[in-house]
Every structure is written in C-alpha cells, then in structure tokens.
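Peer 1: After the structure tokens below, expect a handful of questions from me.
The values are calculated or read from the model by the stated rules, or taken from the named source; none is laboratory data. Because the structure is predicted, anything quoted here is derived from the model rather than measured. Positions of Cβ are backbone-derived with ideal geometry, glycine not excepted, and every protein chain shown enters the neighbour counts.
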Amino acid sequence: MGKKFLILIIVVGLAFVFVGKYFQTTKNNIVEQTKKSEIVLKQIKINGLKNLKGEELVKSLPIKIGQAMIEINIKELQEKIKENPWVKDVSIFANYPNIIEINIVEKTPVGKINKQGDFYLIDINGDELAKEDEKNPKNLPVFFVDENKKSIEGIIKEMEKQPYFYDNWAKAILVGDRRFDIYLKSGMKIMLPKENVSLALERLNELRLKGDLLEYKIDYVDLRFEKKLIIKGI
C-alpha cells in the first residue's frame, strides 16, 4: 500500500509540473502574440496632478512602454501609486489596445510643520506630504501641535469661517493640548478659547468691520473669556 501511494504521489507531482510548464508556456506565447499584434503599452495618461510630477510618477511605476497590455496588473499598479503620500485616491483604466489611463485625486496641503528647521507640508489629518520646496514655498500657516495632529482639522474648519483671518493666518500653536494661539502675518496674536471658537472669532471680526482697530499695532487679542475681550497694544 505504501509503495503504491508513493507512486501515486510522484505521478500527481509530475502532472502538476507538466501542467505548470504548459500554462507558463501558453502565457509566454500569448504575451509574444500580443506584442506581435501591437497590443502593447504605448502611452500612459495621468490626470489630476497638481503637486506631483508626472515624469517622476511614471518612473516609479511597475510598467513600461512596450510592455504587453496583458502583462499589466491593474491592482498591483494601484497599490504602488497609493504608496505615494500625495495620493488620496486612484482609479486606473486599460484602454486597449495601447493606453493605460490613471486618474489621481491628490491630498490638499493645508499647512506645514517644522521639523528640525525644515518645513513639511501636511494635509488636514496632519499627514506629511512632502518637504517644502524652497524654490516654490506654499503660503500656508505653520502648525505647532506636537503629536496632537488631530487638532489641525478642527482649527482649520473654524478659521475657514472667517476668510479675513484665514487669509492672513501665519502660525498656530496648540497651548496645553486644549486651545490655540493664532498668529497673523502682521505678528498679532489671537488667543482663542477652548470652546466656542466660532463665536469668539465672529466677535473679533465684527469689531474689525466696525472700524480700523486691527490696523493699529497690536500685540495680542485675548478672546478666552466669553463676556470680555482684552486687547494689548505694542
């Protein structure tokens, strides 16, 4: 019984080897036929790029011009592209006979953080996208939040409600892991409360609209108290 079983195992194993070689040979033949019939990659179209550079992205991809279209693994290609920190979402289409079209949705830089003297662009989740290009710096606020990057989304949404302050925003410092001090480009500091940030900024904006208060040299505006506002001049 043991000898017959061993012979059966050997026969089955040889069959698998034969079938494997057969399918590999068949696959190779199909690939060669597609190349001869010109069903090969001739163009890579990439849509949606704002910050990424197309040439650099193409060089990083596991495909190349002249490759048989049948060889291209779309899922593998998607996973490779998603490794790029700029990429939020990607969809890929094989437009036969010769084109791969890649549609990319990039993450949006909303600010930057300082790491050992260098600035890195971040998205609304605090994820690092890339080192800031000195030749093309982004006019975005700098965040000092330590490890509490979740706080970035909240303060951005509050500041967006007040376009004047948002457009003149230079820096945000998380104080005590509970509230923010905002610095405008003029150097003025706005001390925000822990809660009701929208109401506090609305009060300050109403004061701005009533006169030219914010055009004077002001050191800081303290908005931490609900029923009073403290202004200190330089």
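Peer 1: Has region 197-212 got at least one residue that is touching a helix residue (DSSP H, G or I) at 6+ places or on another chain (Cβ under 9 Å), assigned to a strand (DSSP E or B) and of a type in the set (A, V, I, L, M)?
Peer 2: No - not one qualifying residue is present in region 197-212.
Peer 1: Moving on. Pairs only if they're at least six apart or on different chains, beta carbon under 9 angstrom, first in region 59-80 and basic (Lys, Arg), second exposed (fewer than 12 other Cβ atoms within 10 Å of the Cβ) and in a helix (DSSP H, G or I); list them, first residue then second.
Peer 2: Lys80/Ser60
Peer 1: Can you tell me which residue is farthest from Leu140 (Cα to Cα) among those in region 163-210 that are surrounded by 14 or more Cβ atoms within 10 Å (Cβ to Cβ) and hydroxyl-bearing (Ser, Thr, Tyr)?
Peer 2: Taking the candidates together, the pick is Tyr164.
Peer 1: Does Ser37 qualify as being modelled with pLDDT of 90 or more and small (Gly, Ala, Ser)?
Peer 2: Considered against the rule, which asks whether it is modelled with pLDDT of 90 or more and small (Gly, Ala, Ser), Ser37 comes out as no.
Peer 1: Restricting to region 45-94, and then to whatever is of a type in the set (Gly, Ala, Ser) and outside any strand (DSSP E or B), can you tell me which residue is farthest from Leu129 (Cα to Cα)?
Peer 2: Taking region 45-94 first, the residues of a type in the set (Gly, Ala, Ser) are 48, 54, 60, 66, 68, 91, 94.
Checking the rest, the ones that are also outside any strand (DSSP E or B) come to 48, 54, 60, 66.
Working: Gly48: 16, Gly54: 16, Ser60: 17, Gly66: 32 Å.
Applying the filter and picking the extreme gives Gly66.
Peer 1: Scan region 93-137 for residues that are under 27 Å from Glu76 (Cα atoms) and more than 18 Å from the chain's Cα centre (by Cα) and jot them down.
Peer 2: Selection gives Phe93, Ala94, Asn95, Tyr96, Pro97, Asn98, Ile99, Ile100, Glu101.
Peer 1: Something else about it: I'm trying to understand the selection: among the residues of region 155-180, which are without any contact (Cβ under 8 Å) to a residue 24 or more places away in the chain and either touching a Lys or Arg at 6+ places or on another chain (Cβ under 8 Å) or in a helix (DSSP H, G or I) (or both)?
Peer 2: Lys157, Glu160, Pro163, Tyr166, Asp167, Asn168, Arg178
Peer 1: Okay, next question. What number of residues in region 128-139 are closer than 24 Å to Glu83 by Cβ and assigned to a loop (DSSP other than H, G, I, E, B)?
Peer 2: If we filter region 128-139 for residues that are closer than 24 Å to Glu83 by Cβ, which is where we start, we get 128-133, 136, 138.
Pick out the ones that are also assigned to a loop (DSSP other than H, G, I, E, B) and you get 132-133, 136, 138.
So the answer is 4.
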